[in-house]
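Student: Attaching a single structure in structure tokens format; questions to follow.
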Amino acid sequence: MVTDTGGRLACIEVKVGEYNAIADILDLQNNSIRFQGVEPPKDRTFVRLQRRHINVPLYSILSTITILGMLMAGAFLFFNIKNRNHRLIKMSSPYMNNLIILGGMLSYASIFLFGLDGGFVSDKEFETLCTVSPLKTFINL
């Protein structure tokens with residue numbers, strides 16, 4: 001490691017004690033080690049689960065854009081079904097186009113599922129959404 005002034009720092013290892021697991025004995029070399037606080041510090045990372053909330057105006061804007069995208073995809077689907085006997089649409093395989101459009105609409109629908117959080121639904125519904133959302137995306141592939 002290097003300091004701000006360019007000097008080098010060295011890591012120094014100092015033996016402060018030894019633990020014998022067989023005898024379950026901790027032998028400290030120097031009894032001057034004292035922990036700050038009531039108990040010794042934690043020896044692992046403490047994980048605290050915390051629910052994150054989505055900004056409501058942002059979710060509203062994205063939902064509006066998603067609805068517009070779904071309406072546009074629905075218009076394309078309607079156009080494709082109505083004109084499926086037209087020569088150019090027949091050449092572009094209308095059934096495959098319909099499947100692609102439906103897949104796009106399902107992808108748009110997943111935005112609604114992924115955007116819902118604990119502020120919009122209850123805890124039980126949130127657990128169900130957390131299970132259904134990835135499955136829906138996997139089926140959409």
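The values are calculated or read from the model by the stated rules, or taken from the named source; none is laboratory data. Computed from a predicted structure; not experimentally measured. FYI the Cβ positions are ideal-geometry reconstructions off the backbone, even for glycines, and counts take in every protein chain you see. To get the accessible areas, we keep the full protein, side chains included, count just its heavy atoms, and leave off ligands, DNA and RNA. Shrake-Rupley method; radii C 1.70, N 1.55, O 1.52, S 1.80 Å.
Student: Send over a whole-number figure in Å² for the accessible area per residue of the chain, probe 1.4 Å. Could you put the intermediate results ahead of the total?
Tutor: On the way: 12380 Å² over 141 residues.
In whole numbers, the chain has 88 Å² accessible per residue.
Student: Roughly to the nearest percent, how much of the accessible area of the stretch 25-69 is carbon and sulfur, given a 1.4 Å probe?
Tutor: Working: 2700 of 4580 Å².
Answer for the stretch 25-69 is 59 percent, counting heavy atoms of protein chains only.
Student: Which residue, 84, 52, 44, tops the fluctuation ranking in a GNM of the chain built on C-alpha contacts under 10 Å?
Tutor: So, out of 84, 52, 44, the one fluctuating most is 44.
Student: Here's a follow-up. Could you report the accessible area of residue 127 in Å², rounded to 10, computed with a 1.4 Å probe on the protein chains as they sit in the structure?
Tutor: 110 Å²
Student: Ignoring ligands, DNA and RNA, how do 60, 110 rank by accessible area with a 1.4 Å probe, largest first?
Tutor: Values: 60 55, 110 15 Å².
The most accessible residue leads, giving 60, 110.
Student: For the charge dipole of the stretch 27-89, defined by +1 on Lys and Arg C-beta atoms and -1 on Asp and Glu C-beta atoms about the Cα centroid, which residue among 45, 83, 59 has the Cα displaced farthest towards the positive pole?
Tutor: Of 45, 83, 59, it is 83.
Student: What does the accessible area of residue 128 come to, in Å² to the nearest 10, when a probe of 1.4 Å is used?
Tutor: Near enough 70 Å² of accessible area.
Student: What is the helix-to-structure angle for 94-115, meaning the angle in degrees between its Cα long axis and the longest Cα principal axis of the chain, kept from 0 to 90 and rounded to the nearest 10?
Tutor: 40 degrees
Student: Measure out, as a whole number of angstrom, how far apart the alpha-carbon centroids of the stretch 88-103 and the stretch 65-79 sit.
Tutor: If we compute the Cα centre of each part, the gap is 15 Å.
Student: Counting only the heavy atoms of the protein chains, how much of residue 106 is accessible to a 1.4 Å probe, in Å² to the nearest 10?
Tutor: Counting only protein heavy atoms, the figure is 80 Å².
Student: Once you keep just the Cα pairs under 8 angstrom separated by 6 or more residues, what percentage relative contact order results for the chain? Before the final figure, lay out the partial values.
Tutor: Working: 76 pairs, mean separation 25.2, N = 141.
Taking the mean separation of contacting Cα pairs over the length of the chain, I get 18 percent.
Student: Could I ask something else about it? Which residue fluctuates most in the GNM of the chain (Cα springs below 10 Å): 22, 65, 54?
Tutor: Highest fluctuation of the listed residues: 22.
Student: Protein chains only, probe 1.4 Å: how do 68, 77 rank by accessible area, largest first? Working shown, then result.
Tutor: Working: 68 105, 77 30 Å².
Descending order: 68, 77.
Student: On to the next question. Could you order 47, 132 so the one with the most accessible surface comes first? Probe is 1.4 Å.
Tutor: Descending order: 47, 132.
Student: Which FRET efficiency value, to the nearest 0.05, do you get for residue 54 and residue 99 by plugging their Cβ-Cβ distance into 1/(1 + (r/R0)^6) with R0 = 35 Å? Don't jump to the answer; show the numbers that get you there.
Tutor: Values: r = 31 Å, r/R0 = 0.88.
FRET efficiency, residue 54 to residue 99: 0.70.
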